[in-house]
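Some notes on the structure that comes next.
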Amino acid sequence: MIQRSLLGLTLAAALTTVSPPSLAQTTAVKSASIGVMGGLTFPHGSDFTDLVKRGWNAGVLIRLGVPAFPLSFRIDGQWHQLKGKPIDAGSAGTYTTDLRVIDGTADFEWTLGKAAASNFYLIGGGGVYGLRERSSFVSTNEFLGSSTSTSSATKFGWNAGAGLRFQLTGISLFVEGRYHSISAGKAFTGSGSHSLHIIPVTLGIAF
């Protein structure tokens, strides 16, 4: 009887030893991770939305932090592509302006609440934005030729947003939305405001 009891205690101890790790261990964010992301980019502002359509984005990230500490540092690089809307120029033809934005930002990320299978977080920072505008004119008049021109500029800007991260063993999935304000960006596109605003909504995975 005593031997059976000892055997039962031994088996229970062994099962406890090999049981799944605690939630805190499973969901702790790594001290360093890299990731990829992609999604949709929305223009913001009435004059800007008259100029371009909703576009797409793709990017990479590096996150550095301390496990169990809510604040981490993040470096992002993203490519945004927005296709221009046709602008009627009357009997002369139509204009379109495509816009490409490549950004490199340094951001701080603050995780809300204790470590869990999913956590909301806030993110914000600043960086450099490379803008390239490609303007095309398609003539409907046989006496006017069609033309294409390209111009580029480098601007500074800031961003802020929020996201939801799902922590899995070895990887994390996230969805986030951010607001980017690019200084003097709309002066570059020829519209009236002094800033260009885009809102990317992205899905990503970090390893």
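The values are calculated or read from the model by the stated rules, or taken from the named source; none is laboratory data. Source: prediction; values computed, not measured. For neighbour counting, all protein chains shown are included, and Cβ atoms are generated from backbone atoms with ideal geometry for every residue, glycine included.
For the condition within 21 Å of the chain's Cα centre (by Cα), over 19 Å from Ala68 (Cβ atoms) and surrounded by 18 or more Cβ atoms within 10 Å (Cβ to Cβ), what is the one hit in Gly126, Gly130, Gly157? Write out each step before concluding.
Working: Gly126 fails: surrounded by 18 or more Cβ atoms within 10 Å (Cβ to Cβ); Gly130 fails: surrounded by 18 or more Cβ atoms within 10 Å (Cβ to Cβ).
Step by step, each of Gly126, Gly130, Gly157 is checked, and only Gly157 is within 21 Å of the chain's Cα centre (by Cα), over 19 Å from Ala68 (Cβ atoms) and surrounded by 18 or more Cβ atoms within 10 Å (Cβ to Cβ).
From Gly104, Gly113, grab the single residue that is outside any helix (DSSP H, G or I), modelled with pLDDT of 95 or more, exposed (fewer than 14 other Cβ atoms within 10 Å of the Cβ) and not aliphatic (A, V, I, L, M).
Result of the check over Gly104, Gly113: Gly104.
Taking segment 152-168, which residues are touching a Ser or Thr at 6+ places or on another chain (Cβ under 8 Å) and of a type in the set (S, T, N, Q)?
Selection gives Asn159, Gln167.
Suppose the filter is more than 14 Å from His180 (Cα to Cα), in contact (Cβ under 8 Å) with a residue 12 or more places away in the chain and not in a loop (DSSP other than H, G, I, E, B); does Val128 pass it? Show your work before the answer.
On the way: more than 14 Å from His180 (Cα to Cα): no; in contact (Cβ under 8 Å) with a residue 12 or more places away in the chain: yes; not in a loop (DSSP other than H, G, I, E, B): yes.
No: the conditions fail for Val128.
If you check Leu11, Leu6, which single one turns out to be modelled with pLDDT under 95, in a helix (DSSP H, G or I) and within 30 Å of Thr169 (Cα to Cα)? Lay out the reasoning, then the answer.
Details: Leu6 fails: within 30 Å of Thr169 (Cα to Cα).
Answer to the check: Leu11.
Select from segment 166-194 the residues that are assigned to a strand (DSSP E or B) and either modelled with pLDDT of 95 or more or of a type in the set (A, V, I, L, M) (or both) and list them in ascending order.
The first filter runs over segment 166-194 and keeps only residues assigned to a strand (DSSP E or B), leaving 166-167, 172-183.
The answer is Phe166, Ser172, Leu173, Phe174, Val175, Glu176, Gly177, Arg178, Tyr179, His180, Ser181, Ile182.
Out of everything in segment 46-88 that is of a type in the set (Gly, Ala, Ser) and exposed (fewer than 14 other Cβ atoms within 10 Å of the Cβ), what residue ends up being nearest to Gly113 (Cα to Cα)? Before you say what the answer is, go through the steps one by one.
First, pick out the residues of segment 46-88 that are of a type in the set (Gly, Ala, Ser): 46, 55, 58-59, 65, 68, 72, 77, 84.
Retained after the next criterion (residues that are exposed (fewer than 14 other Cβ atoms within 10 Å of the Cβ)): 46, 68.
On the way: Ser46: 37, Ala68: 11 Å.
Among those residues, the one meeting the criterion is Ala68.
Residues Tyr121, Tyr95: which one is assigned to a strand (DSSP E or B), under 15 Å from the mean Cα position of the chain (by Cα) and of a type outside the set (A, V, I, L, M, F, W, C)?
Numbers: Tyr95 fails: under 15 Å from the mean Cα position of the chain (by Cα).
One residue alone meets the criteria, Tyr121.
Which count do you get for residues in segment 62-92 that are assigned to a loop (DSSP other than H, G, I, E, B) and of a type in the set (Val, Ile, Thr)? Quick ask: steps written out before the conclusion?
Quick first cut of segment 62-92, residues assigned to a loop (DSSP other than H, G, I, E, B) only: 66-70, 83, 85-86, 89.
Add one more test, that the residue is of a type in the set (Val, Ile, Thr), and what stays is 66.
Adding up the residues that qualify gives 1.
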